[in-house]
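Read through the structure below, which is laid out as structure tokens, and then see the notes.
Any read-out appearing in this document is the output of simple, stated calculations on the displayed coordinates, not a laboratory observation. These numbers were taken from a predicted model, which means no experiment stands behind them. Methodologically, a virtual Cβ is constructed for each residue, glycine included, from the backbone with ideal geometry; neighbour enumeration extends over all protein chains shown.
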Amino acid sequence: MNLFLTLSKQDIALQIAALINKYNGWQITCKPYYILNSNVDYFVELNQNLVIGCVGLQYENNLNSKIIHLCVHDSYRRKGIGKKLILTAINNCKTSILNTTIRTTNFNSLYLFYSAGFLNKSMFYIGNNQMVCVSKSMVI
């Protein structure tokens with residue numbers, strides 16, 4: 001099967017940045033330049049030429065990688081896209097431990113990561129936000 005996309009890397013980066021900026025809840029604005037030039041591997045789910053979901057996989061060191069920026073467009077939530085993106089990150093992870101950080105009030109994300117086999121590792125605060133770091137041991 002041949003797959004041809006009419007989207008450029010710049011178009012995809014622009015849409016990823018827009019998703020992150022809409023759903024991440026932080027004050028930091030993500031720019032397409034960052035997406036294109038970071039050390040993060042981004043995986044996307046497309047509906048025609050629309051990026052409807054994304055996840056970033058960031059290599060940290062020989063033992064650890066981190067999932068960042070899991071986002072799914074509102075109109076496509078509760079359809080298994082978030083889980084599919086997490087599993088894609090898991091399947092592409094080349095380290096023995098995979099982590100992510102989630103606000104304790106983000107029950108949907110917590111459930112999603114727990115259902116993918118992640119376990120609580122630590123809790124901490126960023127400002128007034130209580131965070132949990134969840135982790136999964138990988139078989140390499």
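A few notes on this one:
- Between 0 and 90°, nearest 10: helix 9-23 axis offset from the chain longest Cα axis: 40 degrees
- When shorter helices are ignored and each DSSP H run of at least 4 residues is given -39500 (n - 2.57), the per-residue value for the chain at 222 nm works out to -9000 deg cm²/dmol.
- Long-range HN-HN contacts of C30 with modeled amide H, under 5 Å: N21
- If the chain linking Y76 and V139 were pulled fully straight, counting 0.36 nm for each residue of separation and taking away their Cα-Cα distance, it would gain 19.6 nm.
- Rounded to 10°, Cα long-axis angle of helix 81-92 versus longest principal axis of the chain: 80 degrees
- Each Lys and Arg adds +1 at its Cβ and each Asp and Glu adds -1 at its Cβ; summed about the Cα centre, the chain shows a dipole of about 240 debye.
- Approximate spin-label separation N64-F107, in nm, with each point projected 7 Å along Cα-to-Cβ: 3.0 nm
- 5 angstrom amide H check on K121, placed H, neighbours 5+ away: C133, V134, S135
- For region 33-113, diffusion coefficient by Stokes-Einstein and Kirkwood Rh (Cα), 10 °C, 1.306 mPa s, µm²/s: 119 µm²/s
- The chain: projected area of the alpha-carbon convex hull, averaged over directions, in nm²: 9.3 nm²
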